[in-house]
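Worksheet for the structure shown next.
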Amino acid sequence: MKAKATVKTKTAPAFDKYAYYRRSVQAPDNDVQFLRDTYKELKGKEPVTLREDFCGTFSICCEWVKMGPKYKAIGIDLDSEPILYGLTHYLPKLAPQQRDRVKVLQENVLNPGLPKADVIAAFNFSHYIFKERSMMKSYFHNAYSTLNSGGLLICDSFGGSMCQEANEEETEHKDFSYFWDQESFDPVSNHALFHIHFKPKGQKKIEKVFTYDWRMWTIPELREMMRETGFRKTHVYWEGSTKAGDGNGVFTRTEKGEECQAWIAYVVGEK
Ligand SMILES: C[S@@+](CC[C@H](N)C(=O)[O-])C[C@H]1O[C@@H](n2cnc3c(N)ncnc32)[C@H](O)[C@@H]1O
């Protein structure tokens, strides 16, 4: 009689690009604190409704509703793929009462009639997809007209000398590396092409998991366009630095930045 051999094969877990993306570039718990604190600082009261434009997997919406029973969130994105990921991975983790306060729409942020909100967030530089002033102004105008009275449009922005040349930066995590790769920068148009690559430990680098074809807008340009589309006031929140000169994750309102190789800031339009 032949002995039966049991062979155990080890297969690598399926590559989950949104899980790697979340661990590399997202911090939705910090984001909701910043959004709420900024509204409180400028308006002297708590916001209720957040609209997360360009929401992707709508991770910020899911954190927003965790802050309490009055908080409501709406996510807007064109692409069904990240929306479906959020619906199957993030939404089920919420309590049923929290889930009921999240709504996600597969829509263009330029569409008329989007739901109203106290705060509209455009994060991870998603609005840089609009390369013409006319397109960015259409977006700002649409945001303005769908903000509740006194509401805030909060956009992030980034720049610095490092963003004006091709370069690739690796960030090592315990079980993978994250690469932020700027392929090009054109000083005539300010257009820039970026990619995200990942390399799970012991595996080959997976190239161009996400690609972004953007225009590098400056803070004054964003503020000017906000004012031209009706925003009453604009504000800039600049990141403080550690002793070593790195960003410390604390953003404060200022009218003066600092010369940096790479910086992140928030530009806020007040209705
Ligand atoms: C850079 S990703 C950011 C996703 C998400 N905000 C985050 O932080 O992970 C940009 C997202 O914007 C979406 N998008 C691009 N153009 C859009 C538009 N005109 N209207 C709505 N969503 C758009 C894309 O589908 C993509 O999910």
Any hit, segment 39-53, residues being touching a Pro at 6+ places or on another chain (Cβ under 6 Å), more than 9 Å from the ligand (Cβ to nearest atom), in the same structural domain as residue 265 (by TED's automatic domain parsing) and farther than 17 Å from residue 105 by Cα: yes
With respect to residue 167, determine if the residue is free of Cβ contacts under 8 Å to residues at least 40 places away in the same chain and within 13 Å of the ligand (Cβ to nearest atom). no
Filtered residues of segment 189-204 (kept if farther than 17 Å from residue 129 by Cα and more than 21 Å from the chain's Cα centre (by Cα)): 199, 200, 201, 202, 203, 204
For segment 134-181, what are the residues that are among the aliphatic types (A, V, I, L, M) and within 19 Å of residue 237 (Cα to Cα)? 152, 153, 154
Evaluation of residue 88 against (1) exposed (fewer than 15 other Cβ atoms within 10 Å of the Cβ); (2) within 13 Å of the ligand (Cβ to nearest atom); (3) hydroxyl-bearing (Ser, Thr, Tyr) (one fails), failing number: (2)
If I go through segment 67-85 residue by residue, how many of them are away from the ligand (no atom under 15 Å from the Cβ) and in contact with a Pro (Cβ under 9 Å, 6 or more places away or on another chain)? 1
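The values are calculated or read from the model by the stated rules, or taken from the named source; none is laboratory data. As the structure is a computational prediction, the values presented were derived from the model and not from experiment. Please note: Cβ atoms are built from the backbone with ideal geometry, for glycine as well, and neighbour counts cover all protein chains shown.
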